[in-house]
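The values are calculated or read from the model by the stated rules, or taken from the named source; none is laboratory data. What you see is a predicted model, and the numbers here were worked out from it, not measured in a lab. Quick reminder, even Gly has a Cβ in these numbers, built from the backbone with ideal geometry, and neighbours come from all protein chains shown.
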């Protein structure tokens with residue numbers, strides 16, 4: 001009898017995008033997690049609808065390959081995102097490591113994404129709430145770069161207005177490519193597991209003007 005010591009693949013079961021409800025936050029940098037879930041639901045032809053029990057917009061979807069996946073956009077406002085995530089994980093008895101959280105990151109330039117297996121909140125209020133409610137940092141996350149404000153605006157107020165502001169016309173030109181790439185990366189996580197998907201997803205720079213500076 002053959003035994004294998006192969007580590008089990010980490011395959012997400014719940015995919016969460018962080019953001020704020022209300023139309024005034026639509027298409028802001030801080031809501032790129034919501035845009036990612038919308039892109040996934042379009043790609044997988046699933047329809048999100050408000051679910052009061054889960055405190056968010058929710059869909060149970062079938063991803064390519066036939067996996068049943070939960071999609072969630074918490075409607076609790078960013079700093080209470082963990083309430084909605086915990087509602088889904090407790091109802092379906094999902095482990096923290098089966099939750100993939102997608103959110104914005106100022107430390108990454110626009111055009112970059114980073115997939116990781118675990119980590120701290122890094123000052124992100126939605127992630128602080130998620131870590132607190134899951135009682136764990138050991139869950140995968142996909143960060144989408146939104147860049148930092150210009151030096152002149154790099155005060156606390158400048159940071160807030162940058163995060164809650166809309167992408168520039170130049171940035172908006174590449175955001176569809178970024179969101180398509182996020183869908184690809186999520187599908188790779190489902191197919192190969194998060195660890196192997198990291199090797200592919202963390203390399204690409206979709207911002208041509210930035211890559212020319214490298």
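Residues in the range 51-67 that are surrounded by fewer than 17 Cβ atoms within 10 Å (Cβ to Cβ), more than 25 Å from residue 25 (Cα to Cα) and either touching a strand residue (DSSP E or B) at 6+ places or on another chain (Cβ under 8 Å) or without any contact (Cβ under 8 Å) to a residue 24 or more places away in the chain (or both): 62, 66. Are any of the residues in the range 142-149 surrounded by 18 or more Cβ atoms within 10 Å (Cβ to Cβ), more than 17 Å from residue 17 (Cβ to Cβ) and touching a strand residue (DSSP E or B) at 6+ places or on another chain (Cβ under 9 Å)? So far as the range 142-149 goes, no, none of its residues is surrounded by 18 or more Cβ atoms within 10 Å (Cβ to Cβ), more than 17 Å from residue 17 (Cβ to Cβ) and touching a strand residue (DSSP E or B) at 6+ places or on another chain (Cβ under 9 Å).
For the range 16-28, give me each residue that is in contact (Cβ under 8 Å) with a residue 24 or more places away in the chain and either assigned to a loop (DSSP other than H, G, I, E, B) or surrounded by 24 or more Cβ atoms within 10 Å (Cβ to Cβ) (or both). Please lay out each step first, then the result.
Taking the range 16-28 first, the residues in contact (Cβ under 8 Å) with a residue 24 or more places away in the chain are 16-21, 25, 27-28.
Once the filter is applied, which keeps residues that are in contact (Cβ under 8 Å) with a residue 24 or more places away in the chain and either assigned to a loop (DSSP other than H, G, I, E, B) or surrounded by 24 or more Cβ atoms within 10 Å (Cβ to Cβ) (or both), the range 16-28 yields 16, 17, 18, 19, 20, 21, 27.
To keep it simple, each residue is scored yes or no on (1) assigned to a strand (DSSP E or B); (2) at pLDDT below 95; (3) over 15 Å from the mean Cα position of the chain (by Cα); (4) more than 18 Å from residue 25 (Cα to Cα).
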| site | (1), (2), (3), (4) |
| --- | --- |
| 42 | no, no, yes, yes |
| 69 | yes, no, no, yes |
| 76 | no, no, yes, no |
| 81 | no, no, no, no |
| 88 | no, no, yes, yes |
| 91 | no, no, yes, yes |
| 97 | no, no, no, yes |
| 100 | yes, no, no, yes |
| 103 | yes, no, no, no |
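Counting the residues of the range 154-183 that are loosely packed, with under 14 Cβ neighbours inside 10 Å, free of Cβ contacts under 8 Å to residues at least 12 places away in the same chain and assigned to a helix (DSSP H, G or I) gives 7. Here the condition is being in contact (Cβ under 8 Å) with a residue 12 or more places away in the chain, under 16 Å from residue 53 (Cβ atoms) and crowded, with 17+ Cβ neighbours inside 10 Å; of 115, 72, 100, it holds for 72 alone.
Output the number of residues of the range 184-214 satisfying the condition of being part of a helix (DSSP H, G or I), exposed (fewer than 13 other Cβ atoms within 10 Å of the Cβ) and at pLDDT below 90. Give the steps one after another, and end with the answer.
Just the residues of the range 184-214 that are part of a helix (DSSP H, G or I), to begin with: 184-192, 194-201, 208-213.
Adding the requirement that they be exposed (fewer than 13 other Cβ atoms within 10 Å of the Cβ) leaves 199, 208-209, 212-213.
Subset that is at pLDDT below 90: 208-209, 212-213.
Number satisfying all stated conditions: 4.
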